[in-house]
Amino acid sequence: MKVVWVVLATALALALQTTLARVLIRGTVAVDLVLVVVVYAALAGGPVAGLLTGTFAGLVQDALSSGLIGVGGLAKTVVGFLAGVVGTQFIVAQSIPRFVVFFGATLVHAVVFIGLYVLLNLRPFGAPYEAVLGQAVGNAIVGVLAFHLIESLPGAMERRRTARGGRLRR
């Protein structure tokens, strides 16, 4: 995966995340689009791509938020690396395995993120099980749809070119 596409996808995810957060569900969104980009990059490019994308995306997201800078970056770095390792060790080419990876990545992200905040005694979270599970399902659905859409685009473009060529010859 090229660096330019990762930066553009991260910027788009951040823009959508911050825009939609104000509109949906009283300031919170049940999908972390930045995490979806990190896991997608990790599955498509491997552990190093996931690690670098997670570091970049997490630190940029931390810089734009009101929290401690570095916690989200570390959480997304760990998730990106682990998702990349899973993508290289297992066959993750179908929808169900991808769903499981996105779901699990969201759970790991929540454990690392919330765990660091609690460990550093910065903010109590209570028991956010329902919110984390909802976000995991939302991220998994969006991630699987993103894979499906991105994988079908090159074929769609080729079919369109072929169809145009066929019409012009008649």
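No lab work stands behind these numbers, since they all come straight from the coordinates. All values derive from a computational prediction rather than experimental measurement. Note: ideal-geometry Cβ built from the backbone for every residue, glycine included; neighbour counts use all protein chains shown.
Values as computed for the structure displayed
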item: Rounded to 10°, Cα long-axis angle of helix 95-119 versus longest principal axis of the chain; result: 20
item: For segment 39-56, 3J(HN,Hα) per residue [Karplus equation, 6.51 cos²θ - 1.76 cosθ + 1.60, θ = phi - 60°, Hz, x = Gly/Pro]; result: 5, 4, 4, 5, 6, 7, x, x, x, 5, 4, x, 4, 5, 5, x, 5, 4
item: Farthest toward positive dipole pole in segment 28-170 [+1 Lys/Arg, -1 Asp/Glu at C-beta], among GLY73, ALA44, PRO124; result: ALA44
item: Nearest 10 degrees, 0 to 90: helix 71-89 Cα axis against the chain principal axis; result: 50
item: Neighbour cut-off at most 16 other Cβ (10 Å), DSSP loop, chymotrypsin sites (Phe, Trp or Tyr not before Pro), segment 104-156; result: PHE125
item: Nearest-0.05 FRET efficiency for ARG161 and ALA30, computed from C-beta distance (R0 22 Å); result: 0.05
item: Hydrodynamic radius of segment 3-169 per Kirkwood, over alpha carbon pairs, in Å; result: 16.6
item: Helical mean residue ellipticity (222 nm; -39500 (n - 2.57) per DSSP H run of 4+; nearest 500) of the chain; result: -28000 deg cm²/dmol
item: Relative contact order [Cα under 8 Å, 6+ residues apart], the chain, whole percent; result: 21
